[in-house]
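Step one of this worksheet: look at the structure below.
The values are calculated or read from the model by the stated rules, or taken from the named source; none is laboratory data. From a predicted model like this one, the values you see are computed outputs, not experimental measurements. Every residue, glycine as well, gets a Cβ built from its backbone with ideal geometry; the counts of neighbours run over all protein chains shown. For accessibility, only protein heavy atoms count, side chains too; no ligands or nucleic acids. Shrake-Rupley method; radii C 1.70, N 1.55, O 1.52, S 1.80 Å.
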Amino acid sequence: MDETPTGKPDMLATRHVLPPTRKSITHKFTIDGHEGYLTVGLHDDGSPGELFIKMSKDGSTMSGMCQAFCRAFSIALQYGLTLEDAVARFKGMRFEPMGQTTNPEIPEALSIIDYVARFLELNFHAPRPPRPY
């Protein structure tokens, strides 16, 4: 860490934004009859760098909260939050809508946030390197 002129450590993190043109994947999902699309913008190395969720009921509170979550999640990833840490924090969150999904790999979700975390874990999870003993 660099020091500032006051002698205090410089705690500024570097944000790694995606290039203006980037690859992405889009995944259609349904949870308890609520249809949505998850788009994951990818860095050049294939790691997620941004999320977008588009719910079928545009303008609803649920849609607005999904947009706010995606914006915060994307900024956190760009500032260095690991996908593993993000998944650990959001997987298992429980609130409506919840229930059956159309994804056989994730047959039930506890919420949209839980579904997104589990989808990211399944599709982008890098295994932890073994710990030296």
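Kindly indicate whether any position in segment 65-83 is over 27 Å from residue 14 (Cβ atoms) and part of a helix (DSSP H, G or I). Talk me through it step by step, then tell me what you get.
Let us first name the residues in segment 65-83 that are over 27 Å from residue 14 (Cβ atoms), namely 65-66.
Retained after the next criterion (residues that are part of a helix (DSSP H, G or I)): 65-66.
There is at least one residue in segment 65-83 that is over 27 Å from residue 14 (Cβ atoms) and part of a helix (DSSP H, G or I).
Could you check segment 84-96 and list, in sequence order, the residues that are under 22 Å from residue 35 (Cβ atoms) and not in a helix (DSSP H, G or I)?
Residues satisfying the conditions are 91, 93, 94, 95, 96.
Return the total of residues in segment 20-63 being surrounded by 13 or more Cβ atoms within 10 Å (Cβ to Cβ), without any contact (Cβ under 8 Å) to a residue 24 or more places away in the chain and either aromatic (Phe, Trp, Tyr) or not in a strand (DSSP E or B) (or both). Final tally of qualifying residues: 4.
Within segment 72-110, the set of residues being of a type in the set (S, T, N, Q) and either under 10 Å from the mean Cα position of the chain (by Cα) or open to solvent by 30 Å² or more (accessible area, probe 1.4 Å) (or both) comprises 74, 82, 100, 102. In the set (1) open to solvent by 20 Å² or more (accessible area, probe 1.4 Å); (2) of a type outside the set (S, T, N, Q); (3) under 26 Å from residue 16 (Cβ atoms), the condition left unmet by residue 66 is number (1). Among the residues that make up segment 117-124, is at least one of them closer than 22 Å to residue 49 by Cα, open to solvent by less than 90 Å² (accessible area, probe 1.4 Å), charged (D, E, K, R) and modelled with pLDDT of 95 or more? Yes, segment 117-124 contains at least one residue that is closer than 22 Å to residue 49 by Cα, open to solvent by less than 90 Å² (accessible area, probe 1.4 Å), charged (D, E, K, R) and modelled with pLDDT of 95 or more.
Among residues of segment 46-95 being among the hydroxyl-bearing types (Ser, Thr, Tyr) and touching a strand residue (DSSP E or B) at 6+ places or on another chain (Cβ under 6 Å), the one that is modelled with the highest pLDDT is 74. Within segment 103-122, residues that are free of Cβ contacts under 8 Å to residues at least 24 places away in the same chain and among the small types (Gly, Ala, Ser) have Cβ atoms under 8 Å from residues that are open to solvent by 10 Å² or more (accessible area, probe 1.4 Å) and assigned to a helix (DSSP H, G or I) in no pair, counting only partners at least 6 apart in sequence or on another chain.
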